[in-house]
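This report refers to the structure that appears directly beneath it.
The values are calculated or read from the model by the stated rules, or taken from the named source; none is laboratory data. Small disclaimer: the values here were computed from a predicted structure and weren't measured. When we count neighbours, we look across all protein chains shown, and the Cβ atoms used for this are built from the backbone with ideal geometry, even at glycine. To get the accessible areas, we keep the full protein, side chains included, count just its heavy atoms, and leave off ligands, DNA and RNA. Shrake-Rupley method; radii C 1.70, N 1.55, O 1.52, S 1.80 Å.
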Amino acid sequence: MNKYNLTDILSKELIIEEQDSSKTYKFEGIQIPMIQRDYTQGRADEVEIRNRFLKSIFNSLVKKDEYLELDFVYGSIKELDNKTHFIPLDGQQRLTTLFLLHWYIGKRELKASELDLLLNSLKGFTYATRSSARDFCEKLMDISISFKGEPKKEIANSAWFYGRFEKDPTVKAMLIMLDTVHSYYEQEHAKNNSIKLFPALSKLSFYILPLGGFNLSDELYIKMNARGKQLTDFENFKADLINWIRDEKNPNSIEFQKIETLKNREMPYHLSFATKLDNSWTHLFWEYAKGNETNNIDSFYLRFWNRFLLNHFIIASSENADLIEKGEVFKKLYGNEENESAFKYEGFEFYQQLFVKQNVVLNAQQTLDRLSDNFNAIQKCLQ
């Protein structure tokens, strides 16, 4: 499968696999659809997620041979005003952050003619969620900025920046993200004032999968957007788990880098795992979420992982039942109605000690595969 970066999507012809064939597309733009949530990576309360992502990005940008693969971006390919657009289903957060990175670093480093070409491409990135978010993205293309201080203040002082922008959660998050990008860039600039990071942005790449690419349907839009506006505990857990699985420092990295076939496509194990995590396995928890008042798949999904890991821990432990139940792992993962905090995600460090055990990830995959493949038969037996 081919990997692409943001400017590839906005300015080049792409070869995209769809079921059993490949097609060539040239997109006129990327539109975040109405059904999507607001941009959340820049939210004031998402400091840890934002910093972790930007640290990975800048680490890739400053190191010569460091590439950052951002997994799959799922979506639809649609004609809007007689122009072909990519409509992301999953990947909005990453794409928006990349859009802001390109805008910021391009403004800092590119000469006038190069900058014009970049901005002309970035004009194709837009939001359909709110008119204020769409207008803000358009205004960014025209603003002149000095970068003598935080971008947020300078942009907010522009004549076109009205009160409606201050009330838009996506715009507010974008401004916070720009300030954070500015901080990271200034840190690198302080180390080397002649640094040029824009060419390295091409090292931030991902795979594109249209809905038809894995026989997906529009129902998945509903499933994956039934999570509310904030990043859920499970989404944060999922991102950390995938990053850990694909990390070359992982003690099982050789196993997780092996090539395997999924839906007639060859890919590294970690990409196959991530795809199932977002698609075939989602169906299991959607069945439960449909009858739940909050319609929240993610709470059921995280509970599964907590209980699965707890079972593995108990089987491997040599301690007696009383000691196990008094321990941190049991209290954290077991959970009950009196202990709602048991399902609060507070970072991957706690979980890593459980996943590092031999075959835990592979056993989890096998369990979820079997449950997914035999869901109807199992449900019938239980009834």
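Structure values in brief
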item: Nearest 10 degrees, 0 to 90: helix 47-62 Cα axis against the chain principal axis; result: 60 degrees
item: Of every Cα-Cα pair in the chain, the percent that sits beyond 29 Å; result: 47 percent
item: Probe 1.4 Å, all protein chains present, accessible-area order of MET34, MET177, MET1, largest first; result: MET34, MET1, MET177
item: Crossing angle, helix 131-140 versus the chain [Cα axis fit, 0-90 degrees, rounded to tens]; result: 50 degrees
item: Candidate residues ILE378, ILE315, ILE143, ILE176: accessible-area rank, largest first, probe 1.4 Å; result: ILE315, ILE378, ILE176, ILE143
item: Cα point-scatterer Debye curve for the stretch 47-99, base-10 log of I(q)/I(0) at q = 0.17 Å⁻¹; result: -0.67
item: Listed residues GLU79, GLU69 arranged by accessible area, highest first, probe 1.4 Å; result: GLU79, GLU69
item: GNM flexibility winner over the chain from GLN92, GLN31, GLN358 (Cα, springs under 10 Å); result: GLN358
item: Whole-number accessible area per residue in Å² for the stretch 1-143, which is evaluated in the context of all protein chains at 1.4 Å; result: 44 Å²
item: Loop-located chymotrypsin sites (Phe, Trp or Tyr not before Pro) in the stretch 1-80, at most 13 other Cβ atoms within 10 Å (DSSP); result: TYR67
item: Violating pairs (Cα-Cα greater than 20 angstrom) within the set LYS26/LYS258; LYS64/LYS249; LYS111/LYS196; result: LYS26/LYS258
item: The stretch 108-195 - Debye-derived log10 I(q)/I(0), Cα point model, q = 0.17, 0.22, 0.23 Å⁻¹; result: -0.81, -1.23, -1.30
item: Lysines with Cα under 18 Å of LYS153, excluding same-chain neighbours fewer than 8 positions away; result: LYS107, LYS139, LYS167, LYS172
item: Candidates GLU325, GLU66, GLU235: whichever shows maximal mean-square fluctuation once the chain is modelled as a Gaussian network with Cα springs under 10 Å; result: GLU325
item: Considering only the chain, percent of DSSP beta bridges that pair antiparallel, nearest 5; result: 65 percent
item: Alpha-carbon Rg/Rh ratio, for the stretch 1-112, with Rh computed the Kirkwood way; result: 0.98
item: Nearest-10 value in Å² for the accessible area of GLU48, using the 1.4 Å probe; result: 110 Å²
item: Amide H within-cut-off set for VAL73, under 5 Å, with H built and near neighbours excluded; result: TYR207, ILE208, LEU209
item: Solvent-accessible area, 1.4 Å probe, carbon plus sulfur percent, for the chain; result: 46 percent
item: Hz values of 3J(HN,Hα) by residue in the stretch 248-262 - Karplus curve (6.51, -1.76, 1.60), Gly and Pro given as x; result: 5, 7, 4, x, 10, 4, 4, 5, 7, 9, 4, 7, 9, 10, 10
item: Residue with peak Gaussian network fluctuation, the chain [Cα springs, cutoff 10 Å], from LEU209, LEU277, LEU89; result: LEU277
item: With Cα atoms, 0 to 90° folded angle of helix 269-278 axis to the chain main axis; result: 90 degrees
